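The values are calculated or read from the model by the stated rules, or taken from the named source; none is laboratory data. The shown structure was predicted, so the numbers you read here are calculated from the model rather than taken from an experiment. Neighbour counts are summed over all protein chains in view; Cβ atoms, including those assigned to glycine, are modelled from backbone coordinates with ideal geometry.
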């Protein structure tokens with residue numbers, strides 16, 4: 001009988017170990033060949049490993065193989081002598097003795113993957129993402145994205161939140177409207193979740209503080225640089241809040257934590273991308289109405305839509321607050337009832353407004369949040385006033401009927417936050433396999 | 001101007017702090033009222049907090065409120081004197097001075113939520129999940145489930161895996177067949193991902209070792225105790241494997257790590273549920289063909305289906321290996337080509353079989369995994385032999401064409417693993433909001 005013991009010791013060395021190895025040690029490692037420079041008797045072979053590139057040196061006198069036998073995107077095991085070298089990435093290079101080819105591509109990629117930055121349109125890049133992601137810079141974008149999710153998750157867990165995973169096939173849309181994907185569910189009509197809103201509220205009654213990091217589906221017919229039809233939402237919801245300011249405190253804390261994590265654990269990728277990570281000390285907060293008036297005055301604009309912010313207004317608010325308060329983030333609070341969903345709580349001091357907020361980052365809205373209605377009668381009335389039938393929301397209304405603490409939450413669009421962090425102008429650059437009106441593949 | 005600084009200090013005390021407080025300290029906390037025992041001048045009020053229950057004592061002489069004014073599922077802030085008491089949960093109780101009611105339910109739940117175990121059918125329970133999850137035992141199930149996901153994730157991260165999130169709206173099914181949900185995507189036909197198979201393989205070429213914990217959608221028309229139409233899949237895929245045994249090593253390591261994490265950090269929930277957490281030392285591994293023959297002989301059975309395991313055979317294999325090798329887990333390896341998907345690698349020593357495995361736990365398959373085809377021509381040929389058109393898989397085949405290391409992976413169905421861990425007989429008991437042929441709500 002064979003037994004599996006769960007030993008996961010790597011047989012080959014990873015970059016962290018190679019960096020610790022002694023000068024002149026004979027080492028074994030593996031990787032995919034990223035680039036080859038053949039200069040006759042001498043040459044360079046760069047390996048792509050799981051956490052970076054390793055520079056190897058071919059020397060006809062010492063290497064027991066022919067450089068001509070190697071090609072890019074081959075998977076190899078390599079043995080060689082480690083030489084400390086300040087100029088090489090990671091401070092070392094490997095002088096190759098032997099190379100064992102494990103697999104060969106049918107055909108080398110048509111594009112040079114090892115360029116510092118791929119020179120192609122975003123369209124072409126996305127169409128070939130299974131391959132273009134192998135480029136060191138492209139890969140770094142999504143490694144940073146992993147770090148962003150890790151940051152939020154770690155912060156939530158440290159602060160007593162329970163992670164939840166709620167269904168994505170649902171009977172009702174949480175955000176209403178036509179922006180919802182429909183599917184046939186064994187003969188019944190079903191939808192793809194536009195947000196985990198109902199479920200995260202339900203689970204506040206169970207775990208008090210919850211978060212979910214998952215897929216959000218919006219059938220929006222906007223083929224713009226800031227819209228995706230499927231994206232990752234970082235959602236939280238918590239009970240026993242004193243006011244919605246508590247929610248902004250958690251968001252500020254989570255952003256601070258995440259930026260620090262990136263600086264600490266993703267320094268390699270930050271360097272590859274050469275992006276400034278924002279310093280967050282405190283985030284200014286301004287009322288929607290005041291923000292509108294401030295930029296109207298400052299930039300001599302007319303207020304066209306009194307109920308919502310136009311994209312240009314978001315940019316101007318960010319600009320103004322960056323100049324005045326040296327902050328790349330700004331909270332805009334107290335949005336009009338008219339533009340907020342049916343579960344938003346009205347401001348008791350002025351029922352035209354809600355106890356809600358958006359967070360703007362470098363000119364773009366990345367978060368919507370606020371306090372929710374917890375009282376049953378108030379929620380039923382609000383549904384009716386918005387033209388909804390409470391009977392359609394029976395399981396959601398159970399929690400209002402049987403008791404909910406004062407609560408609220410927010411959601412961040414991961415790709416938008418990532419796009420702004422990368423100073424990219426199209427959200428697709430921050431989505432591995434973007435879904436938009438014309439794109440279902442790869 | 002207001003500023004948000006990101007301070008998330010709790011204003012009220014949580015259970016961990018209360019357990020550290022001095023005897024006779026005056027403390028403030030909050031929670032939802034779980035139960036009330038009114039004995040006239042004296043009584044008990046149990047609060048449900050985010051991580052457990054807190055017992056409070058009402059005493060007419062000391063408490064400045066009327067017990068009659070309180071009701072279950074009210075959200076309250078409470079102030080009282082902490083008294084150490086070995087018999088109370090957590091080793092203390094709070095002798096109430098004041099209670100401030102924050103919110104009241106419209107109506108108390110019709111069921112007694114504070115029972116040790118809810119006495120109702122699973123059907124009734126699920127229909128009222130937004131409320132029944134508030135029961136201490138029900139809640140514990142899903143707290144454990146959170147811990148299971150944490151265990152796998154932490155293990156993967158410690159072992160150099162990159163976390164990925166791949167699209168759930170896709171152009172092709174990875175597992176083929178009719179068990180796939182269709183949707184209209186802006187006039188085009190699209191599907192819900194049956195697994196992240198294609199994407200996780202693509203990303204092995206980028207990050208070498210990847211994992212994804214996310215939603216899996218299967219339109220299976222099986223309304224059985226072990227099928228869900230939406231579930232959480234824990235998926236991994238890694239490159240540079242020597243053989244598929246490496247994959248079983250990672251799975252064994254991850255299971256060991258997860259069980260230890262549960263014992264350490266979820267002891268309270270394990271106690272509430274009174275479940276034995278399996279001790280994993282080493283997991284036996286047996287060939288599919290041998291396993292079939294062993295149980296045919298041992299239990300005097302005829303082999304009906306030589307290509308797959310019947311549910312009863314899975315149970316008997318588990319039984320036999322539990323008795324013989326004292327293991328609740330058993331790997332079954334080398335499944336027939338006929339029953340494995342088109343990306344499975346054939347066994348070079350016998351092309352009727354594949355380099356693949358399932359993991360059985362307490363009589364049920366919880367994992368499918370194996371080595372994948374990495375060679376382009378071999379993959380194209382295999383697709384054709386399975387009646388598939390390679391032209392439909394162009395973006396997937398890019399990775400085979402342009403080079404892939406030897407690689408493989410596996411997927412675990414979270415709810416099945418959780419169901420077996422809980423010794424439940426229906427997978428719906430381990431799904432917060434199950435989706436099956438007749439259920440879309442809550």
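Values for this structure:
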{"item": "Single residue of A:1, A:32, A:74 found to be modelled with pLDDT under 95 and within 9 Å of another protein chain (Cβ to nearest Cβ)", "result": "A:1"}
{"item": "Enumeration of residues in the stretch B:173-182 that are surrounded by 21 or more Cβ atoms within 10 Å (Cβ to Cβ) and facing chain A (nearest Cβ under 9 Å)", "result": "B:181"}
{"item": "Enumeration of residues in the stretch A:214-234 that are more than 8 Å from chain B (Cβ to nearest Cβ) and within 15 Å of the chain's Cα centre (by Cα)", "result": "A:216, A:226, A:227, A:228, A:231, A:233, A:234"}
{"item": "Selection within the stretch A:68-85 - under 27 Å from residue A:273 (Cα atoms) and crowded, with 19+ Cβ neighbours inside 10 Å", "result": "A:72, A:73, A:74, A:75"}
{"item": "Residue match in the stretch B:252-262 (condition: part of a loop (DSSP other than H, G, I, E, B) and touching a residue at least 12 places away in the same chain (Cβ under 8 Å))", "result": "no"}
{"item": "Test: residue in the stretch A:384-395 that is part of a helix (DSSP H, G or I), at the interface with another protein chain (Cβ under 10 Å from one of its Cβ atoms) and farther than 29 Å from residue A:221 by Cα", "result": "yes"}
{"item": "Candidate set from the stretch A:292-328 (those that are part of a helix (DSSP H, G or I) and touching a helix residue (DSSP H, G or I) at 6+ places or on another chain (Cβ under 8 Å)); member that is farthest from residue A:365 (Cα to Cα)", "result": "A:298"}
{"item": "Test: residue A:237 is more than 8 Å from every other protein chain (Cβ to nearest Cβ), in contact (Cβ under 8 Å) with a residue 40 or more places away in the chain and assigned to a loop (DSSP other than H, G, I, E, B)", "result": "no"}
{"item": "Single residue of the stretch A:412-442 satisfying the filter (more than 12 Å from the chain's Cα centre (by Cα) and more than 7 Å from every other protein chain (Cβ to nearest Cβ)) that is farthest from residue B:163 (Cα to Cα)", "result": "A:438"}
{"item": "Matching residues, the stretch B:36-76, being in contact (Cβ under 8 Å) with a residue 60 or more places away in the chain and touching a helix residue (DSSP H, G or I) at 6+ places or on another chain (Cβ under 6 Å)", "result": "B:51, B:52, B:53"}
{"item": "Qualifying residues in the stretch A:147-172 (those that are in a loop (DSSP other than H, G, I, E, B), touching a residue at least 60 places away in the same chain (Cβ under 8 Å) and more than 7 Å from chain B (Cβ to nearest Cβ)) - the one surrounded by the fewest Cβ atoms within 10 Å (Cβ to Cβ)", "result": "A:172"}
{"item": "Residue in the stretch A:298-321 that is nearest to residue A:377 (Cα to Cα), counting only those that are in contact with a strand residue (DSSP E or B) (Cβ under 8 Å, 6 or more places away or on another chain) and within 14 Å of chain B (Cβ to nearest Cβ)", "result": "A:317"}
{"item": "Residues (more than 14 Å from chain B (Cβ to nearest Cβ), modelled with pLDDT under 95 and surrounded by fewer than 15 Cβ atoms within 10 Å (Cβ to Cβ)) located in the stretch A:86-114", "result": "A:86, A:87, A:91"}
{"item": "Residues of the stretch A:120-138 classified as closer than 19 Å to residue B:204 by Cβ and either in contact (Cβ under 8 Å) with a residue 60 or more places away in the chain or not in a helix (DSSP H, G or I) (or both), total", "result": "7"}
{"item": "Checking residue B:141 against (1) more than 10 Å from every other protein chain (Cβ to nearest Cβ); (2) out of contact with any strand residue (DSSP E or B) (no Cβ under 7 Å at 6 or more places or on another chain); (3) in a loop (DSSP other than H, G, I, E, B), the condition it does not meet", "result": "(3)"}
{"item": "Tally, over the stretch B:11-27, of residues that are in a loop (DSSP other than H, G, I, E, B), surrounded by 11 or more Cβ atoms within 10 Å (Cβ to Cβ) and in contact (Cβ under 8 Å) with a residue 60 or more places away in the chain", "result": "2"}
{"item": "Enumeration of residues in the stretch B:183-207 that are under 22 Å from residue A:438 (Cα atoms), over 22 Å from the mean Cα position of the chain (by Cα) and in contact (Cβ under 8 Å) with a residue 12 or more places away in the chain", "result": "B:183, B:185, B:190, B:191, B:198, B:202"}
{"item": "Of all residues making up the stretch A:324-338, the number that are touching a residue at least 24 places away in the same chain (Cβ under 8 Å) and closer than 20 Å to residue A:407 by Cα", "result": "6"}
{"item": "Of residues in the stretch B:329-340 being modelled with pLDDT of 95 or more and in a loop (DSSP other than H, G, I, E, B), the one farthest from the other protein chains (Cβ to nearest Cβ)", "result": "B:335"}
{"item": "Top-ranked residue in the stretch B:195-211 [being buried (at least 24 other Cβ atoms within 10 Å of the Cβ) and outside any helix (DSSP H, G or I); ranked as nearest to the other protein chains (Cβ to nearest Cβ)]", "result": "B:208"}
